[in-house]
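For reference, the structure discussed in these notes is given below.
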Amino acid sequence: MTIERFSHLFCLIHGSGDVLYPIKMRCKKTGVIAFRVAPHGNTTQDSIELHDEHEVLRHVRDLGFSVRAKSKTTERHGLYKLEQRCITELKILTKATP
């Protein structure tokens with residue numbers, strides 16, 4: 001069974017034009033696959049695992065958290081935050097309310 005790892009709810013637009021999608025990551029310790037957001041820092045200790053895409057959107061858009069994101073067409077990936085690391089826009093892909 002293949003697990004869809006990319007967000008279908010929203011994406012981040014990079015200054016280069018790359019479209020970055022929040023991506024689920026597998027925790028090496030637990031094997032849990034979830035989106036990772038962080039208020040600051042770049043370690044698993046700093047991050048929160050979320051399974052609900054609407055909660056990921058809330059943390060990134062409303063609370064200022066960064067999120068692990070990746071392009072589907074280039075090698076660009078990493079921890080991204082609105083208005084930092086050349087992120088110019090957050091784009092809603094589907095209706096944002098559950």
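Only the coordinates and a few stated rules stand behind these numbers; no lab work does. Treat the numbers as computed from the prediction; the structure is a model and nothing was measured. Methodologically, a virtual Cβ is constructed for each residue, glycine included, from the backbone with ideal geometry; neighbour enumeration extends over all protein chains shown.
With a requirement of 3 or more residues that are out of contact with any strand residue (DSSP E or B) (no Cβ under 6 Å at 6 or more places or on another chain) and surrounded by 11 or more Cβ atoms within 10 Å (Cβ to Cβ), none of the strands (runs of 3 or more DSSP E) lying completely within the stretch 17-64 satisfies it.
Within the stretch 5-16, how many residues are out of contact with any strand residue (DSSP E or B) (no Cβ under 8 Å at 6 or more places or on another chain) and free of Cβ contacts under 8 Å to residues at least 40 places away in the same chain? Can you show your working first?
First, pick out the residues of the stretch 5-16 that are out of contact with any strand residue (DSSP E or B) (no Cβ under 8 Å at 6 or more places or on another chain): 8, 16.
Narrowing further to those that are free of Cβ contacts under 8 Å to residues at least 40 places away in the same chain: none.
Residues in the stretch 5-16 being out of contact with any strand residue (DSSP E or B) (no Cβ under 8 Å at 6 or more places or on another chain) and free of Cβ contacts under 8 Å to residues at least 40 places away in the same chain: 0 in total.
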